[in-house]
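First up is the structure itself, then whatever we jot down about it.
We did not get these values from a lab; they are worked out from the coordinates using the rules stated. Quick caveat, the model's predicted, so the values are computed rather than measured. Every residue, glycine as well, gets a Cβ built from its backbone with ideal geometry; the counts of neighbours run over all protein chains shown.
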């Protein structure tokens, strides 16, 4: 007897672990799950911009009780990922229809939905083209293979390297990330969000690198995640306070995290889209694409 495919809503407190495991289990270097990596999924859940109030709009598909697909956003409605295992790609049209209903943004009666894919996922791209979507954005996906030597960078005098196991000052983290992501010179006082961002079950204080400035403030912050199953590292976030830039701090912090994950068995690390990453040895392996439709 053929198993029944069941579609239901995501229950964040109940389903998070199962979805995280599913994303880890189906990961392949070929498709990258549309870049919906389990670490990406977890980091979003602890991010202050994440709309946790409507995660019930995420759709899950189960075959005989086994999770085989998910339609979800990263931070909020208006964007989506459509991810299945290899045996259930035939569900993609149904999942896209679901996403258009549940995950699209509505403004003055008009809907808009953006769908993320990688340029290797020809089946999804074909479906999006046939469904009236247009590619509106492309960005590189970059990795650093650990068979390459790390760039040697010298720590400037007066600076020091620590992990969050050594010191974990939420105020200093907030100041560093606020300024490091160019939000201005006057950080807000949302310390709770920094505490919450360390609440993920796979967050590692020992893999998070901080570079302290001579005055004791945090000059650079580099979060690092490790995928035990597929043996890769995932960098998120990386930020340097403007007044401390161009001193090699980001390179040093990044190297520190990559060395730690290499020792754990990782063979490569995912980085970002900024030209900084190619300058320190990251290579582009594919591209992420955003396809958008309005109706």
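Some points to look at:
- In the set (1) touching a residue at least 40 places away in the same chain (Cβ under 8 Å); (2) more than 19 Å from the chain's Cα centre (by Cα), the condition left unmet by residue 215 is number (1).
For (1) farther than 20 Å from residue 42 by Cα; (2) touching a strand residue (DSSP E or B) at 6+ places or on another chain (Cβ under 8 Å); (3) in contact (Cβ under 8 Å) with a residue 12 or more places away in the chain, each residue gets a yes or a no:
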site	(1), (2), (3)
58	no, yes, yes
67	no, yes, yes
84	no, yes, yes
89	yes, no, yes
116	no, yes, yes
122	yes, no, no
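- When restricted to residues that are touching a residue at least 40 places away in the same chain (Cβ under 8 Å) and surrounded by fewer than 16 Cβ atoms within 10 Å (Cβ to Cβ), the range 167-192 contains 4.
- Identification of strands (runs of 3 or more DSSP E) wholly contained in the range 73-135 with 3 or more residues that are surrounded by fewer than 18 Cβ atoms within 10 Å (Cβ to Cβ) yields 105-107, 110-118.
- Residue 28, sole failed condition from (1) without any contact (Cβ under 8 Å) to a residue 12 or more places away in the chain; (2) touching a helix residue (DSSP H, G or I) at 6+ places or on another chain (Cβ under 9 Å); (3) more than 25 Å from residue 204 (Cα to Cα): (3)
- Listed by position, the helices (runs of 4 or more DSSP H) inside the range 184-295 whose residues that are touching a strand residue (DSSP E or B) at 6+ places or on another chain (Cβ under 9 Å) number at least 3 are 249-264, 275-279.
Each row is one residue, and each column tells you yes or no for (1) more than 19 Å from residue 26 (Cβ to Cβ); (2) under 20 Å from the mean Cα position of the chain (by Cα).
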residue: 59; (1), (2): no, yes
residue: 62; (1), (2): no, no
residue: 67; (1), (2): no, no
residue: 72; (1), (2): no, yes
residue: 75; (1), (2): yes, yes
residue: 84; (1), (2): no, yes
residue: 87; (1), (2): no, no
residue: 102; (1), (2): yes, no
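- Complete set of residues in the range 57-69 that are part of a strand (DSSP E or B) and touching a helix residue (DSSP H, G or I) at 6+ places or on another chain (Cβ under 6 Å): 59, 61, 67, 68, 69
- Here residue 93 meets the list (1) in contact with a helix residue (DSSP H, G or I) (Cβ under 8 Å, 6 or more places away or on another chain); (2) in contact (Cβ under 8 Å) with a residue 24 or more places away in the chain; (3) within 28 Å of residue 269 (Cβ to Cβ) almost entirely, failing just condition (3).
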